[in-house]
1. Counting only DSSP beta bridges with both residues in the protein assembly as shown, what percent are antiparallel, rounded to the nearest 5?
2. Could you tell me how far the Cα centroid of the stretch B:372-412 sits from the Cα centroid of the stretch A:122-171, in Å?
3. Excluding A:Ala209 itself, what net charge comes from residues whose Cβ is under 10 Å from its Cβ, given Lys and Arg +1 and Asp and Glu -1?
4. Residue separation times 0.36 nm, minus the C-alpha to C-alpha distance between B:Glu311 and B:Trp344: what's the value?
5. If I stretch the segment between B:Asn328 and B:Phe92 completely, what's the gain in nm (0.36 nm per residue apart, minus their alpha carbon distance), one decimal?
6. Mind sorting B:Asp342, B:Asp422 by how few other Cβ atoms lie within 10 Å of their own Cβ, fewest first?
7. Within 10 Å of each candidate Cβ there may be at most 16 other Cβ atoms; applying that plus a DSSP loop requirement, which chymotrypsin sites (Phe, Trp or Tyr not before Pro) in the stretch B:285-361 survive?
8. If I model a spin label at B:Ala179 and A:Thr11 as a point 7 Å from the Cα along the Cα→Cβ vector, what separation in nanometres do I get?
Protein chains: 2
Amino acid sequence: MQHSSIKAVLTNTPPLTEVTVNGWVRSFRSNRFIALNDGSTLNNIQCVVDFENFEEALLKQVTVGSALRITGTLIESQGRGQKFEVQVTDIFVHGSADPDTYPIQPKKHSMEFLRENAHLRIRTNTFSAIMRVRSALSFAVHQYFRENGFNYVHTPIITGSDAEGAGEMFRVSTLDAIAPPKTETGDIDYKQDFFGKETNLTVSGQLEAETYAMALGKVYTFGPTFRAENSNTSRHLAEFWMIEPEMAFYNLDDNMDLAEDFIKSVIGYILEHCQEDLEFLDKRLLDEEKNKPQAERSPMALIEKLKFVSENNFKRVSYTEAIDILRNSKPNKKKKFQFPIDEWGADLQSEHERYLVEKHFKCPVILFDYPANIKAFYMRLNEDGKTVRAMDILFPGIGEIVGGSQREERLDVLKEKIKALDIDEKELWWYLDLRKFGTAVHSGFGLGFERLVLFATGMGNIRDVIPFPRTPQNAEF
Amino acid sequence: MQHSSIKAVLTNTPPLTEVTVNGWVRSFRSNRFIALNDGSTLNNIQCVVDFENFEEALLKQVTVGSALRITGTLIESQGRGQKFEVQVTDIFVHGSADPDTYPIQPKKHSMEFLRENAHLRIRTNTFSAIMRVRSALSFAVHQYFRENGFNYVHTPIITGSDAEGAGEMFRVSTLDAIAPPKTETGDIDYKQDFFGKETNLTVSGQLEAETYAMALGKVYTFGPTFRAENSNTSRHLAEFWMIEPEMAFYNLDDNMDLAEDFIKSVIGYILEHCQEDLEFLDKRLLDEEKNKPQAERSPMALIEKLKFVSENNFKRVSYTEAIDILRNSKPNKKKKFQFPIDEWGADLQSEHERYLVEKHFKCPVILFDYPANIKAFYMRLNEDGKTVRAMDILFPGIGEIVGGSQREERLDVLKEKIKALDIDEKELWWYLDLRKFGTAVHSGFGLGFERLVLFATGMGNIRDVIPFPRTPQNAEF
């Protein structure tokens with residue numbers, strides 16, 4: 001079926017060419033102007049119908065949401081708002097859309113209504129723009145790593161390892177749910193389950209990625225991860241996509257350099273390749289913030305903010321320095337923090353991170369060298385014996401977007417930490433093997449992809465930047 | 001930590017440069033020649049040690065598998081087998097590897113032994129070559145679709161929809177496994193489960209991808225999918241990665257054109273970018289096949305086969321023609337097929353597919369227009385009322401690598417098919433919506449990524465082309 005994308009027609013087709021386009025009707029004005037969109041671009045193509053030449057019955061089927069094939073001549077537009085339009089010679093209706101029942105009418109819908117119609121919300125400008133940006137960001141991720149000598153690793157989704165320790169897990173099973181087989185002691189007999197053991201959905205591919213880094217040098221994962229946490233917030237999903245690079249022979253400084261360069265590069269990619277969609281989302285955010293009190297509005301517009309991040313250095317601050325700044329801050333002294341900062345060792349809350357990023361430094365911040373006891377067991381202990389070579393990247397409006405560390409490469413230190421956590425060494429035999437055989441300094445980080453898409457699109461709720469969000473009480477579609 | 005990848009040193013560093021490389025020792029000959037590999041390339045760099053200048057205790061730690069940082073001067077090599085070598089001035093041992101316990105010694109290991117050590121098998125030439133090719137193929141997939149105007153869609157992994165119908169599913173739950181809450185009728189009370197309903201791991205992202213295709217035009221998924229089938233074969237995994245493009249306004253011919261062009265393009269990409277790894281795998285296959293009887297050997301070497309596929313047209317044959325060919329074939333007449341072909345309507349078995357591809361046509365084959373009753377409900381019924389617009393691509397040595405179809409776009413026909421299968425329409429309300437509102441001809445296909453990697457690497461067992469395979473009774477790591 002010969003046809004052109006509307007993007008191609010609008011950008012590189014010479015006038016007076018006969019074109020055939022397919023798409024969905026966004027509006028039909030004055031029985032004359034059809035705005036057709038095929039998803040290849042945010043822009044509609046205006047198709048001008050001389051209604052006297054078409055059957056009335058046919059034109060009646062041209063409703064918002066209907067799918068058409070239109071043939072005509074591309075001409076320079078006399079009207080405002082577009083450079084080109086199609087002088088229509090033929091219309092074929094693939095399928096109509098009843099105006100009385102089609103949910104996506106050209107009016108403002110609530111975000112909650114659109115979430116309930118996640119299969120159709122992609123037909124709006126907002127969601128098509130978000131998802132094109134999401135797709136471009138995904139590609140930028142793969143391209144960045146490939147150009148920088150990384151290999152992509154598909155780490156397992158179903159895991160028999162329960163020592164990842166990053167959060168609550170979903171159980172995966174094929175046992176009869178009502179009457180599962182049991183052992184003599186009354187426990188579930190997982191030996192009879194599909195994998196012959198208890199299995200869960202992964203919370204992170206890091207540990208497996210480390211095994212590949214210690215052979216291929218530089219690797220990354222980009223896949224779904226899961227948290228069975230009952231968090232009904234605008235920042236949490238039960239199923240989300242995570243990017244986890246892991247590099248042999250990288251120390252924490254190298255790790256921070258990479259993370260910063262990576263984020264700047266992928267943001268740079270969408271600034272270059274998603275201009276129209278970002279301009280639309282920029283305007284959308286401005287419109288939305290008009291209704292907010294001045295103090296709650298973003299200090300920068302969307303594109304301005306993306307340029308700022310891609311062009312300026314992130315501020316690197318040790319945890320210890322950050323605690324000093326927070327302890328002496330106005331909100332701390334005036335007891336405005338819900339969790340006051342008194343002592344070194346306190347875990348930083350979202351309010352503290354936001355203060356540092358949005359009020360104090362006014363730019364992305366990398367905090368490093370955290371107290372060991374608030375961070376994961378696999379992070380490398382510093383010589384001071386109380387901090388670890390961890391780093392978090394904090395973004396304005398988003399909070400933590402990256403969490404990473406230099407990994408503990410010393411077998412004895414790692415074993416002690418595992419023992420202190422009461423984890424059975426046997427569970428991690430293969431992870432410990434990496435420290436027995438050719439161990440070396442290595443580092444990595446994790447970036448929650450949806451947090452990056454939130455930041456890149458200026459959206460406020462993480463459920464609106466993934467096609468079909470999974471949250472407590474919600475697995476529709 | 002300033003250092004260069006071995007690939008960069010071997011390919012674009014001028015001689016007499018001082019270089020620092022990190023890597024793992026593959027061999028240490030004559031107390032003088034260290035072969036170091038860092039995973040950036042199949043090739044080791046030869047590091048020449050003047051052992052009189054180094055402590056004996058240090059050199060004792062230079063064992064197979066140990067991790068070193070080596071500094072020295074890059075010089076043109078006098079020895080055979082390499083163009084450059086490093087005249088070593090400094091050695092730092094990151095971590096040693098005890099020769100008595102390190103499993104990956106420079107000798108032939110059985111594939112089963114390597115599978116049991118999946119965290120270390122990546123340190124062999126064979127597995128590092130496979131996984132670099134896998135990574136390159138992944139990138140080629142993303143690049144192909146991006147360059148051709150597709151958007152990447154992350155369809156959900158956890159699904160509340162049980163109408164996908166492609167196979168047995170894994171249940172996902174956070175309910176207490178021993179004493180789950182029950183309803184008054186004694187069933188599991190999934191209302192109390194995490195998502196408020198029964199959920200499973202997806203077997204396909206197709207239905208969700210269709211919703212996006214009907215707004216963005218051309219989309220694809222590339223993510224993990226799951227089958228809880230007790231198939232312990234060299235062709236099946238319980239967890240595997242699938243690529244599923246879905247295109248609005250594409251009929252079956254367009255779909256076949258795309259699939260063929262796509263496969264040729266990604267194979268072309270690795271021929272261009274993975275030359276060394278493919279040459280290694282090519283030689284590996286030849287060596288392995290030496291032990292096989294002539295009749296069982298591949299008719300072509302690996303690279304020859306990849307070039308053949310990327311440069312020749314796939315043969316397109318209707319199911320009806322294929323049945324005629326099979327019915328009149330020698331093996332059918334001589335009753336050599338386990339499942340003899342008598343009647344039109346028979347489902348084709350692997351033996352028939354292999355006959356068509358490997359004996360009759362001797363090239364990849366696209367079969368199309370299958371009997372409706374052996375194919376899925378969503379495939380478009382032909383005007384004959386008995387066949388559907390389905391297509392399968394069959395590859396030599398692999399069998400089915402792609403399965404696709406034009407999708408049924410007519411609401412009434414689709415509803416009838418759903419009814420005939422006893423699926424509740426309510427389960428598919430959102431899928432049916434696509435046919436109510438702006439329906440149009442559309443098509444798509446699914447490609448099992450591991451089957452493609454099998455083909456591209458010439459490996460014989462699918463467990464060897466994914467980092468950590470999930471199969472019945474096996475979810476280690």
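1. 85 percent
2. That distance is 31 Å.
3. Net charge around A:Ala209: -4.
4. 8.6 nm
5. 78.0 nm
6. Taking fewest neighbouring Cβ atoms as first place, the list is B:Asp422, B:Asp342.
7. Qualifying residues, ordered by number: B:Phe337, B:Trp344.
8. Each label point is offset 7 Å from its Cα along the Cβ direction, giving 6.2 nm.
Computed from the coordinates by the stated procedures, all read-outs in this text should not be read as laboratory data. Note that the structure is predicted; figures quoted are calculated from it, not measured. Here Cβ is always computed from backbone atoms with ideal geometry, including for glycine, and neighbour counts include all displayed protein chains.
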